[in-house]
Amino acid sequence: MIIAIDGPAASGKGTLGKQLALHYGLRHLDTGLIYRAVAKVLLDAGHSPANSARAVAAAEALDPTGFDEPALKSQAVGEAASVVSAIPEVRGALLAFQRAFGRTPPGAVLDGRDIGTVIFPDAEVKIYVVAAPEVRAGRRAAELARAGHKVIEADVLADIRRRDERDSQRAAAPLKPANDAHLLDTTHLDIDAAFRAAIDIVEAVRAGRKRG
């Protein structure tokens, strides 16, 4: 089974992805980390994240086994990743990796911004997670603070709004729900409630398939 979870930054899709994978015994891939890793390579080397040639080279040489997740979660890397992910050649270079991961038995939960529309348009279950920008900014600011980063929530909100616009307006795989995706608004849900709602969606889809 492949479960595709899409949505904007800090909507809760990554947390849900991990929980659903554990619940159903599937593998999990936070595809945002892939783009963050590419972005960090460029930043560490002093290159602009808009440098398409450098970004493609970094994508093609990527080794996911060596990810330093806390370092990839910084605000600067997240902002750069949004720029990198708008480069069509970078998305193309990472497409095969994501599909191979998902198709490896027993299946996987993948979360990102184009999983249900581009990477796995035939995924058994598609969930599109949303939340109000202000709520997402609060979540991301708290996450960064727990990791030891000094942040101003207003700056995080501005960053999220910029990323939302850039992700939804880009020419390559814009952020949008698949036509058959199930909307899950986590604005007023805590982690447990959001997880239960996601389980309900998955089980409803599976029950419908069995009846069909």
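The values are calculated or read from the model by the stated rules, or taken from the named source; none is laboratory data. Source: prediction; values computed, not measured. A quick note on method: Cβ atoms are made from the backbone with ideal geometry, for glycine too, and the neighbour counts reach across all protein chains shown. The area values use the complete protein model at the heavy-atom level, side chains included, leaving out ligands, DNA and RNA. Shrake-Rupley method; radii C 1.70, N 1.55, O 1.52, S 1.80 Å.
Data overview
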| read-out | value |
| --- | --- |
| Placed amide H near Asp185: partners under 5 Å, 5+ positions off or other chain | Val130 |
| Nitroxide proxy distance, nm - points 7 Å out along Cα→Cβ at Asn179 and Glu89 | 3.3 |
| Rounded percent of accessible protein surface that carbon and sulfur make up, the chain, 1.4 Å probe | 55 |
| Built amide H within the under 5 Å cut-off of Arg27, gap 5+ | Gly107, Ala108, Val109 |
| ³J(HN,Hα) computed for each position of segment 25-39 - Karplus, 6.51 cos²θ - 1.76 cosθ + 1.60, integer Hz, glycine/proline x | x, 10, 7, 10, 9, 8, 5, x, 5, 4, 5, 5, 5, 4, 4 |
| Mean ellipticity per residue at 222 nm, deg cm²/dmol - from DSSP H runs of n ≥ 4 across the chain, formula -39500 (n - 2.57) | -17500 deg cm²/dmol |
| Rounded FRET efficiency, nearest 0.05, which uses the C-beta distance separating Asp68 from Glu143 and R0 of 22 Å | 0.85 |
| Estimated vicinal HN-Hα couplings, Hz - segment 190-204 in sequence order (Karplus 6.51, -1.76, 1.60; Gly, Pro = x) | 7, 4, 5, 5, 5, 5, 4, 5, 5, 4, 4, 5, 4, 5, 5 |
| Per-pair calculated FRET efficiency, R0 = 25 Å: Ala53 and Glu165 via Cβ, rounded to 0.05 | 0.50 |
| Estimated FRET transfer efficiency when R0 is 25 angstrom, pair Arg27-Ala132 (beta carbons, to 0.05) | 0.20 |
| Nonlocal amide H pairs with Ile127, under 5 Å, H built at 1.01 Å | Ala4, Ile5, Asp6, His182 |
| Label-point gap, in nm, between Arg103 and Arg196 - each point 7 angstrom along Cα→Cβ | 3.9 |
